[in-house]
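The values are calculated or read from the model by the stated rules, or taken from the named source; none is laboratory data. Only a predicted model underlies this, so the values are computations on that prediction, with no experimental measurement involved. Neighbour counts are summed over all protein chains in view; Cβ atoms, including those assigned to glycine, are modelled from backbone coordinates with ideal geometry. The area values use the complete protein model at the heavy-atom level, side chains included, leaving out ligands, DNA and RNA. Shrake-Rupley method; radii C 1.70, N 1.55, O 1.52, S 1.80 Å.
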Amino acid sequence: MIATPIGNLGDLSARAQQILSQSNVVVAEDTRHSRRLLHHFGINTPLLAMHEHNEREICARLIGQLQAGEHLALISDAGTPLISDPGFHLVREAHAAGVRVSPIPGPSAALAALSVAGLPSDRFVFEGFLPAKHEARQQRLQALAQESRTLLFYEAPHRITECLADLAACLGEQREATLARELTKLHETVRKDTLRGLSDWVSHDPEQQLGEMVVAVAGVAVQQSLEDSDLLKILKPLLAELPLKQAVALTTQITGGNKNAIYTRALRLKAAES
Ligand code: SAM
C-alpha cells in the first residue's frame, strides 16, 4: 500500500519510488493519471486499473497473482490508499489468503490538514465525505453535534459553501474550525476561524471554492452545564501554580469536563496572558 503525493511530487518517498519500480504490477485507480506520476520518476512498471466499480471483481485475480509470488503495489490517485479511496476489499482478501500486506506510508490530506489546523489533535474522528444531499448531510451532522473529538471532513469544491453553512447550523456558528485547501500546492491556504467566519469568507470569495479541501472542526466544548466562568475559577489558579498539562488534568478531574476543550481553553488563557 503506497502513499503518493497529494499535490507536491517531491512528497513521493525514496522507498515508495523503489517499491514502485521493483513491483511486478502497479495497481492504480486511474491508470492515465498514475502513468504520469510513474513517468515523472522514470518508472516503467506496468499499470492495472482498480477502482470502486471493479475492485471486488478483480480481487480474486490479484490474490492469485500474489499467491503465485508476484509483488503488487497499490496506489490511489493521491494520498494514502483506502482513505476515502479503493483498496479495502483487496487488503481484506489478502489477509484472508495469508498474503503479507505492507504499508509504504506518506501523505494523506486528512493528517496533513490536522497537523496545521491548530485544533486539538490528541483525539480526532475522520468522517470522510459528508452525504451530498442537504437533508442526509444535516442528519449526519446532527448525529455528530455532541462529538468532543476534533472532526475531519473531506469536501468537494462545488459543495464547500453549503457544507460550511450546514456545519455552522448543526454544530454551532462559534465552533472553531480550519479550512485546509490545496495543501502542498501553489495555492495552499490554511484558514482558522469560527464556522460562521469560514462560511462567510468562502461564500464571498469564489477563489476559496476551488481546488481540494479538508475541513477540520473542533469537538463540542466543555459540558454545557459547566459555564466558562465556573471553569476559570478552577483552571486559572491551577495554571498559575502548575504546568499546563497537570492543570488541565486536574481541572478535568474536578469538573468532569471535556479534556480537549479544557486544554484548548487553557492554551487560550495562556496566550491571552502572554
Ligand atoms: N486518499 C486520499 C488521502 O489520503 O488524502 C484522499 C482521497 S479523497 C478521494 C480526495 C479528497 O482528499 C479531496 O476531495 C479533498 O477533500 C482531500 N484532498 C486531497 N488532496 C488534497 C490537498 N492537496 N489539499 C486538501 N485536501 C486534499
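The table that follows gives values for the structure above.
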{"read-out": "Cα pair count fraction exceeding 22 Å, expressed as % - the range 1-106", "value": "21 percent"}
{"read-out": "Cleavage-rule hits, GluC sites (Glu not before Pro), the range 195-256, DSSP coil, Cβ neighbours within 10 Å at most 14", "value": "Glu227"}
{"read-out": "Percent accessible area from carbon and sulfur atoms, the chain, protein chains only, probe 1.4 Å", "value": "51 percent"}
{"read-out": "Nitroxide proxy distance, nm - points 7 Å out along Cα→Cβ at Ala143 and His95", "value": "2.2 nm"}
{"read-out": "Neighbour cut-off at most 10 other Cβ (10 Å), DSSP loop, trypsin sites (Lys or Arg not before Pro), the range 132-180", "value": "Lys133"}
{"read-out": "Rounded tilt (10° steps) of 259-273 against the dominant C-alpha axis of the chain", "value": "60 degrees"}
{"read-out": "Charge sum, other residues only, whose C-beta stays under 13 Å from His187's C-beta, Lys/Arg counted +1 and Asp/Glu -1", "value": "-2"}
{"read-out": "Environment charge at Leu119 (Cβ cut-off 15 Å; Lys +1, Arg +1, Asp -1, Glu -1)", "value": "+3"}
{"read-out": "Extension reserve of the Val116-His53 stretch, reckoned as 0.36 nm per residue once the Cα distance is removed", "value": "19.3 nm"}
{"read-out": "Ellipticity estimate at 222 nm from DSSP helix runs (n ≥ 4, -39,500 (n - 2.57)) divided over the chain, nearest 500", "value": "-14000 deg cm²/dmol"}
{"read-out": "Cα-based equivalent ellipsoid of the chain: semi-axis lengths in Å, sorted from largest, via gyration tensor", "value": "41, 21, 18"}
{"read-out": "Local electrostatic count at Arg268 - Lys and Arg +1, Asp and Glu -1, tallied over other residues with Cβ under 13 Å", "value": "+1"}
{"read-out": "Tensor-based shape of the range 177-274 (alpha-carbon gyration tensor, a/c under 1.5 rounded, otherwise prolate or oblate)", "value": "prolate"}
{"read-out": "Cα gyration tensor shape for the range 38-180, rounded if a/c is under 1.5, else prolate or oblate", "value": "prolate"}
{"read-out": "Spacing of the two label points (7 Å from each Cα toward its C-beta) at Leu242 and Asp228, in nm", "value": "2.3 nm"}
{"read-out": "0 to 90° range, to nearest 10: angle between helix 55-67 axis and the chain longest Cα axis", "value": "60 degrees"}
{"read-out": "Simple Cβ-charge dipole of the range 74-210, Lys/Arg +1 and Asp/Glu -1, about Cα centre, in debye nearest 20", "value": "360 debye"}
{"read-out": "Among Ser148, Ser229, Ser13, residue whose mean-square fluctuation peaks in a GNM of the chain (springs only between Cα atoms under 10 Å)", "value": "Ser229"}
{"read-out": "Dipole in debye (nearest 20) - the chain, about Cα centre, beta carbon charges: Lys, Arg +1; Asp, Glu -1", "value": "600 debye"}
{"read-out": "Accessible surface, per residue, of the range 119-158 when the full set of protein chains is kept, probe 1.4 Å, Å²", "value": "56 Å²"}
{"read-out": "Radius of gyration and maximum dimension Dmax of the range 160-230, Cα, Å", "value": "13.6, 46"}
{"read-out": "Cβ-Cβ FRET estimate between Gln65 and Leu9, R0 fixed at 30 Å, reported to 0.05", "value": "0.60"}
{"read-out": "Max mean-square fluctuation residue, GNM over the chain, Cα-Cα springs under 10 Å, options Leu239, Leu164, Leu111", "value": "Leu239"}
{"read-out": "Fraction of the pair-distance distribution of the range 45-108 above 13 Å, Cα-Cα pairs, percent", "value": "62 percent"}
{"read-out": "Low-density loop positions, trypsin sites (Lys or Arg not before Pro), the range 39-106 - DSSP coil, at most 11 other Cβ in 10 Å", "value": "Arg100"}
{"read-out": "Radius of gyration, Dmax [the range 114-217; alpha carbons; angstrom]", "value": "12.4, 36"}
{"read-out": "Within a Gaussian network of the chain (alpha carbon springs, distance under 10 Å), most fluctuating of Leu238, Leu37, Leu179", "value": "Leu238"}
{"read-out": "Tail beyond 14 Å, pair distance distribution of the range 6-58 (Cα, percent)", "value": "54 percent"}
{"read-out": "Potential lengthening between Ser21 and Asp205 on full extension [0.36 nm per residue; Cα-Cα distance subtracted]", "value": "61.9 nm"}
